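The values are calculated or read from the model by the stated rules, or taken from the named source; none is laboratory data. Everything numeric in this text was worked out from a predicted model, so none of it was measured. Methodologically, a virtual Cβ is constructed for each residue, glycine included, from the backbone with ideal geometry; neighbour enumeration extends over all protein chains shown.
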Amino acid sequence: MMRRLALGLAAALVVGLFIGRATSAPDNAGPSSSPESAAPGPTSEKAGVAVGFARTREGAILAAANYQEAFADEKVLDPGELRRRIRVVATAEFAPVMLEANTPGTERLRVGAFSEGVRGEVPSAYFGVPVAYRLLSYGPDRAVVRTWGFTLLGNVSSVEPTAYFGLSRTVLTWRDGDWKIEDTRASFGPTPRLATPRPGGEGLGLVELTKELHRYGVAP
């Protein structure tokens with residue numbers, strides 16, 4: 001079965017779980033192996049992707065978060081952008097697999113109503129929100145991170161804003177001075193039941209609201 005990009009495209013939609021540049025807090029996997037954990041990164045940006053993470057637990061956790069965030073972005077709908085970003089975040093061996101798995105979904109999204117709205121400058125929302133993570137394993141050269149969160153996608157015209165929850169497992173390897181994705185798999189869910197009271201809330205414009213508010217930094 002074709003492996004799917006965690007926080008890349010699951011079915012026809014990108015399931016990006018993180019937004020912004022995450023900040024780190026101590027993890028239950030144990031104490032950090034280096035004082036550098038106080039500044040886990042990122043230190044720079046390449047092709048629209050935050051890069052330059054410390055060779056520590058915190059660095060690996062934040063690399064997974066920021067790499068995933070790079071795919072919850074309207075820019076990946078532009079021809080060639082998905083390829084460029086995958087080349088930044090993945091190992092040379094995994095990049096072709098990752099691209100092949102995600103190109104069909106990207107194309108479906110690119111020619112659909114949402115992308116049409118983006119091109120027409122319709123106010124749109126496309127971003128991910130982290131909920132929780134677990135560091136499954138860690139070593140100086142390899143880390144495995146499980147994350148759960150959701151992507152919000154929609155606009156004020158033809159695509160009603162909808163949240164897509166997803167669970168991912170990302171394997172990172174230390175390569176060329178940074179963490180790179182060696183393998184990643186994702187699935188939809190688990191999705192919590194929504195219990196928002198309806199009276200009085202119908203007039204709230206979700207997309208407009210997301211454009212006005214500042215998002216919180218992430219503290220895993």
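Looking only at the range 98-147, filter to residues that are polar (S, T, N, Q), touching a helix residue (DSSP H, G or I) at 6+ places or on another chain (Cβ under 9 Å) and within 21 Å of residue 63 (Cα to Cα); which one of those is surrounded by the fewest Cβ atoms within 10 Å (Cβ to Cβ)? Steps first, answer last, please.
Going through the range 98-147, the residues polar (S, T, N, Q) turn out to be 102-103, 106, 115, 124, 137, 147.
Still in the list and also touching a helix residue (DSSP H, G or I) at 6+ places or on another chain (Cβ under 9 Å): 102-103, 106, 115, 124, 147.
Next, from what is left, pick out any that are within 21 Å of residue 63 (Cα to Cα): 102, 147.
Details: 102: 23, 147: 25.
Residue satisfying both the conditions and the ranking: 102.
Could you please let me know if residue 118 is closer than 26 Å to residue 79 by Cβ, among the aliphatic types (A, V, I, L, M), in contact with a strand residue (DSSP E or B) (Cβ under 7 Å, 6 or more places away or on another chain) and part of a loop (DSSP other than H, G, I, E, B)?
In short, no.
Inspect the range 98-105 for any residue being farther than 18 Å from residue 175 by Cα, at pLDDT 85 or above and among the β-branched types (Val, Ile, Thr) and give the result as yes or no.
Yes, some residue in the range 98-105 is farther than 18 Å from residue 175 by Cα, at pLDDT 85 or above and among the β-branched types (Val, Ile, Thr).
Would you pick out the residues in the range 149-197 that are part of a strand (DSSP E or B), hydroxyl-bearing (Ser, Thr, Tyr) and under 16 Å from residue 128 (Cα atoms)? Don't jump to the end; show me each part of the working.
Of all residues in the range 149-197, those part of a strand (DSSP E or B) come to 149-155, 162-175, 178-188.
Within this subset, residues satisfying the condition of being hydroxyl-bearing (Ser, Thr, Tyr) are 151, 162, 164, 168, 170, 173, 184, 187.
Of everything in the range 149-197, those that are part of a strand (DSSP E or B), hydroxyl-bearing (Ser, Thr, Tyr) and under 16 Å from residue 128 (Cα atoms) turn out to be 151, 162, 164, 168, 187.
For the range 157-166, how many residues meet the condition of being of a type in the set (Val, Ile, Thr) and surrounded by fewer than 17 Cβ atoms within 10 Å (Cβ to Cβ)?
The total comes to 1.
Can you tell me which residue within the range 68-89, out of those that are assigned to a loop (DSSP other than H, G, I, E, B) and in contact with a strand residue (DSSP E or B) (Cβ under 9 Å, 6 or more places away or on another chain), is surrounded by the fewest Cβ atoms within 10 Å (Cβ to Cβ)?
The selected residue is 73.
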